[in-house]
1. Checking residue 148 against (1) part of a helix (DSSP H, G or I); (2) more than 17 Å from residue 54 (Cβ to Cβ); (3) not β-branched (Val, Ile, Thr), which single condition isn't satisfied?
2. How many residues does the range 160-179 hold that are part of a helix (DSSP H, G or I) and either in contact (Cβ under 8 Å) with a residue 24 or more places away in the chain or surrounded by 12 or more Cβ atoms within 10 Å (Cβ to Cβ) (or both)?
3. Examine the range 73-86 for a residue that is within 23 Å of residue 188 (Cβ to Cβ), of a type in the set (Ser, Thr, Tyr) and surrounded by 15 or more Cβ atoms within 10 Å (Cβ to Cβ), and state whether such a residue exists.
4. Quick one: in the range 92-104, of everything that is hydrophobic (A, V, I, L, M, F, W, C) and out of contact with any Leu (no Cβ under 7 Å at 6 or more places or on another chain), which residue is nearest to residue 39 (Cα to Cα)?
5. Got at least one residue in the range 10-18 being among the aliphatic types (A, V, I, L, M) and free of Cβ contacts under 8 Å to residues at least 60 places away in the same chain?
6. Given the criteria of a type outside the set (Ser, Thr, Tyr), in contact (Cβ under 8 Å) with a residue 40 or more places away in the chain and touching a Ser or Thr at 6+ places or on another chain (Cβ under 9 Å), does residue 182 qualify?
7. Take residue 189 and decide whether it is among the acidic types (Asp, Glu) and part of a loop (DSSP other than H, G, I, E, B).
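Derivation of every value follows stated rules applied to the coordinates shown; laboratory data play no part. Since we're looking at a predicted model, the values are computed, not measured. Please note: Cβ atoms are built from the backbone with ideal geometry, for glycine as well, and neighbour counts cover all protein chains shown.
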Amino acid sequence: MVAEAGKQAEPDLRPQPAILIAGAAAVTAVSFAVLDWPAALAATVLGVLMVAGAEVDARTFLLPDIVTGGTLLAGVLTAPVLDPLAGGWSALEAAARAGGTAAALLLVRTLYARLRNREGLGFGDVKLAAGIGAWLPLEAIPACFGLAAGAALTAVLLAHLRGRQIEAATRVPFGAFLCPALWLVFVVEMWCS
């Protein structure tokens, strides 16, 4: 398909099948090796979503709505399954954390844009933040963002050491780091609890 003159071709937001299948196999194996049912199944669902999100964001600098929305919905629906004694309250708590986490990242996004006169975070990252809030307990959310930021900074440093020109406006697909950080922190939280 040829793009019309003056129009940019839409990026392909479908994950690469080979990466998705290999990633799904890996997260399934790890999830069921270290977690009991139903946490292992929850970690597998989350892991597959995160593999898809990370792959697409690394390639296109976009997080598909199906991934971010699916992460949020799955997190809210999974909360009562993982905490059956709390029942519906755990789903409400997950939804409240989701809203709070998204609002916090939206505030960071807005303040950065005003201070620097350019976008620093995309709305996909804000939507993924809602999913992070839905899946993780409040005290684990900073660890997720810290792990993702540390990994992103390490990747940028390694790129610089390999000779890539790094400037203040160099784009980094932050969702590609947030996705695996969310899955990893969730698995560790479930494993330790």
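1. In the conditions (1) part of a helix (DSSP H, G or I); (2) more than 17 Å from residue 54 (Cβ to Cβ); (3) not β-branched (Val, Ile, Thr), residue 148 misses (2) alone.
2. 6
3. Scanning the range 73-86, I find at least one residue that is within 23 Å of residue 188 (Cβ to Cβ), of a type in the set (Ser, Thr, Tyr) and surrounded by 15 or more Cβ atoms within 10 Å (Cβ to Cβ), so the answer is yes.
4. The extreme case among them is 94.
5. So far as the range 10-18 goes, yes, one or more of its residues are among the aliphatic types (A, V, I, L, M) and free of Cβ contacts under 8 Å to residues at least 60 places away in the same chain.
6. Yes; evaluated as a whole, the condition is true for this residue.
7. When the stated conditions are applied, residue 189 does not pass them.
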